[in-house]
1. Distance from a point 7 Å along Cα→Cβ of residue 115 to each backbone N in the range 148-179: keep the residues under 17 Å and list them by number.
2. Please give the solvent-accessible surface of residue 102 in Å², to the nearest 10, using a probe radius of 1.4 Å with every protein chain present.
3. Cut-off under 22 Å on the C-alpha distance; same-chain residues fewer than 8 positions from residue 17 excluded. Which lysines are left, in chain and number order?
4. Using only Cα atoms, locate the centre of the range 150-170 and the centre of the range 171-198, then give the distance between them in Å, rounded to an integer.
5. Would you kindly derive the ³J(HN,Hα) couplings of the range 26-34 from the backbone phi angles with the Karplus curve 6.51 cos²θ - 1.76 cosθ + 1.60 (θ = phi - 60°), listing them in order in whole Hz, with x for Gly and Pro?
6. Heavy atoms only, 1.4 Å probe, whole protein assembly: order 114, 103, 83 by accessible area, highest first.
7. Which longest run of the chain has no exposed loop site in it, a site being GluC sites (Glu not before Pro) in a DSSP loop with at most 16 other beta carbons within 10 Å, and the site itself not part of the run?
8. Between residue 158 and residues 5 or more places away or on another chain, which pairs have amide H atoms under 5 Å apart, with H built 1.01 Å from N, and which residues are they?
Amino acid sequence: MSYSEQHLRETAEIVAKVDVAACEKAVALLAEVRSRGGRLFILGVGGSAANASHAVNDFRKIAGLECYAPTDNVSELTARTNDDGWASVFVEWLKGSRLTERDAVLVLSVGGGDMERNVSPNLVAALQLAKERGSSILGIVGRDGGYTARVADVCVIIPTVNPMNTTPHTEAFQAVVWHLFVSHPALKTAQTKWESTR
């Protein structure tokens with residue numbers, strides 16, 4: 001079997017195992033956040049940061065949800081990293097954004113954060129603040145989901161079918177899942193361009 005065939009077989013296996021009920025619950029929660037006038041803050045590191053930026057566009061444009069990602073502001077991100085350290089960049093950004101109980105935080109991550117192992121401590125600190133403020137917490141994460149899966153109101157965990165491909169599959173499926181969210185009739189408010197072109 002070629003690697004291409006293996007990778008695509010793994011992808012098909014993951015599709016069949018994604019928790020549909022968790023996806024539906026996440027869509028319902030996001031619709032609730034929108035109806036109460038809340039904002040959605042999307043957090044991600046590395047490839048997940050790039051996904052966060054793309055997702056912000058989709059949630060704003062397709063789902064009519066006010067949405068932001070702290071990693072879209074490289075000046076503030078690097079200033080906070082330089083002056084205060086990487087572990088606090090997201091929590092301080094959320095404090096500056098005046099995170100409230102009407103808002104939601106969506107984590108895109110492979111590991112979901114783990115303070116004990118010093119993996120994505122910035123995500124953990126941000127989620128601790130979200131819990132304190134009563135904000136809704138959602139995640140699209142890989143493996144066991146780490147801290148995100150433990151504290152989230154709803155978390156879609158991307159199943160691991162090959163431990164050697166956890167990162168590429170998780171980051172790819174973050175896009176599959178958030179596109180499911182914004183395309184869902186309960187959340188979608190605007191037609192996408194190619195679907196509206198005849």
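The values are calculated or read from the model by the stated rules, or taken from the named source; none is laboratory data. Given the structure is predicted, the values throughout are model-derived calculations rather than measurements. In this analysis, Cβ positions are derived from the backbone assuming ideal geometry, glycine residues included, and neighbour counts consider all displayed protein chains. With ligands, DNA and RNA removed, areas are computed over all heavy atoms of the protein, side chains included. Shrake-Rupley method; radii C 1.70, N 1.55, O 1.52, S 1.80 Å.
1. It comes to 148-152, nothing else.
2. 120
3. Correct list for residue 17: 25.
4. Their Cα centres are 21 Å away from one another.
5. Each residue of the range 26-34 in turn: 5, 4, 4, 5, 5, 5, 5, 4, 4 Hz.
6. In descending accessible area the options line up as 83, 114, 103.
7. The reported range is 117-198.
8. 141, 142, 143
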